[in-house]
Structure formats: C-alpha cells, structure tokens
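First the structure, in the form of structure tokens, and then the observations on it.
No lab work stands behind these numbers, since they all come straight from the coordinates. Quick caveat, the model's predicted, so the values are computed rather than measured. Don't worry about glycine lacking a Cβ; one is built from the backbone with ideal geometry, like all the others, and counts go over all protein chains shown.
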Amino acid sequence: RAAAECREAATGAVIFTRADEARAAAVLAELPDALHVPEAGLLVWPAQPPEPTGGLVVVLSAGTSDLPVAREAELTARHLGRRTRLVVDVGVAGLHRVLGHLDLLRSARAVVVAAGMDGALPSVVAGLVPAPVVAVPTSVGYGANLGGVAALLTMLNSCAPGVAVVNIDNGYGAGHLAAQIAAPDSQPSA
C-alpha cells in the first residue's frame, strides 16, 4: 500500500533499496512499471530517469565483487538526475586500470568509489582528481576484511583530502551524496 501512495505523492524518483525478491514482488504488484534491478537490490519508480542536469558522476567498482554496491550508487545518482558512468574492475592491485580512465575521472564533478578488501582505492583516486570522492566500503573480501570494517577504517583514515565516507555497502547513500555534489546549483563560484 505504501508503494501505491508513493505514486500519488511523488514529485521525483522513488527509490526502494535492499529489495529482496519478496519485497520487490510486493512493490511491483503496486507499481508494475517500476524498474527492478535485482543485482543492485533496487527498485525505482518511474523507471525512466529524468533528463540529466548538473555534472557527471563517475562510479568506480574496485573489483567485480563490489559491483552490486557500485551499481546501486550509479542508479541512484542517475535517477536523481545526474549523468553517470560506471567503470568496473579498476582496483589498486592493477593501478594501470584506473589510470586508463584518468581523463574521464578528471571530468567528473563527483566520483564514487566502491571497494572492499583493503579499501585503498578511494585514497588513490582522491590524489588524482579535483572532484570530491565518496568512498563506499563493501563487505566483500576474505581474510581479515571483517565484513567491510577493514575497508571502512582505511577510508576513514585516508590522508587524501576530499574523501567523504558512507557506511558499509551503502551504495544508495553514496549515489545520493554524489548527486547532491554534482547538482546544477552546486557550481563553484568564480
């Protein structure tokens, strides 16, 4: 019922997060034209994003295991009205991969970086680009990653300026913050 009420009251995108199959089915029963992206655990209504305004949001996924969180961030920013680009598998273990996207990264108004394991990629990216970096620790990895706590602590202790950190696996929060940073009225004054 709450999903149907959203249709009546919404003035922009309505984003449902952490949508497992049961929750998705319940929302889709009320909003059958919603976009469902199971790998990101996301539903969005309306399905079509608005015409983009503002700056570019680039979303990096350090590894393919970080992709669900990165996709959640990218879809959130896109449905909040920003142009987005998703770049996958550019972790610090192969630094040349992220360096190959340097021109794209430097054209962004905001960069989201989803990384598990050691969580080092946001600091590296923040040292390379002028835009703010939104760091998202993910709970993926093995060994002593502690469910994402190791990556979270690394990101919180970044010595590179311009890094904001959201909570573990919070792609929605990262995408929302990046969309706000890249909003058309957030242009730096001359």
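For this structure, a couple of remarks:
- Backbone geometry of the range 42-56 corresponds, through the Karplus equation with coefficients 6.51, -1.76 and 1.60 at θ = phi - 60°, to 3J(HN,Hα) couplings of 10, 10, 9, 10, x, 5, 7, x, x, 4, x, 9, x, x, 7 Hz, x marking Gly and Pro.
- Proportion of all alpha-carbon pairs of the chain beyond 19 Å (%): 57 percent
- Only Lys, Arg, Asp and Glu carry charge here, each on its Cβ (+1 for the first two, -1 for the last two); on that basis the chain has a dipole of about 380 debye about its Cα centre.
- Backbone geometry of the range 116-124 corresponds, through the Karplus equation with coefficients 6.51, -1.76 and 1.60 at θ = phi - 60°, to 3J(HN,Hα) couplings of x, 6, 8, x, 7, 4, x, 5, 4 Hz, x marking Gly and Pro.
- The residue list Asn157, Val129, Val98 was ranked by how far each Cα lies along the charge dipole of the range 56-184 toward its positive end, using unit charges on Cβ atoms, and Val129 comes out on top.
- Per-q log10 I(q)/I(0), the range 57-144, q = 0.11, 0.26 Å⁻¹ (Debye; single scatterer per alpha-carbon; no solvent): -0.25, -1.39
- Sorting 67-74, 31-38 by their mean Cβ neighbour count within 10 Å, with the most densely packed peptide first, gives 67-74, 31-38.
- Relative protection proxy for 116-123, 23-30, 86-93, from highest mean packing down: 116-123, 86-93, 23-30 (other beta-carbon atoms within 10 angstrom).
- Equivalent ellipsoid, the range 131-190 (semi-axes from 5 times Cα gyration tensor eigenvalues, Å): 27, 13, 6
- Ranked by how many other beta carbons lie within 10 Å on average, peptides 40-53, 166-179, 132-145 from highest: 166-179, 132-145, 40-53
- 5 angstrom amide H check on Gly119, placed H, neighbours 5+ away: none
- Cut-off 15 Å between beta-carbons: net charge of the residues surrounding Ala19, Lys and Arg +1, Asp and Glu -1: -3
- When both bridge partners sit in the chain, DSSP labels roughly 25% of those beta bridges antiparallel.
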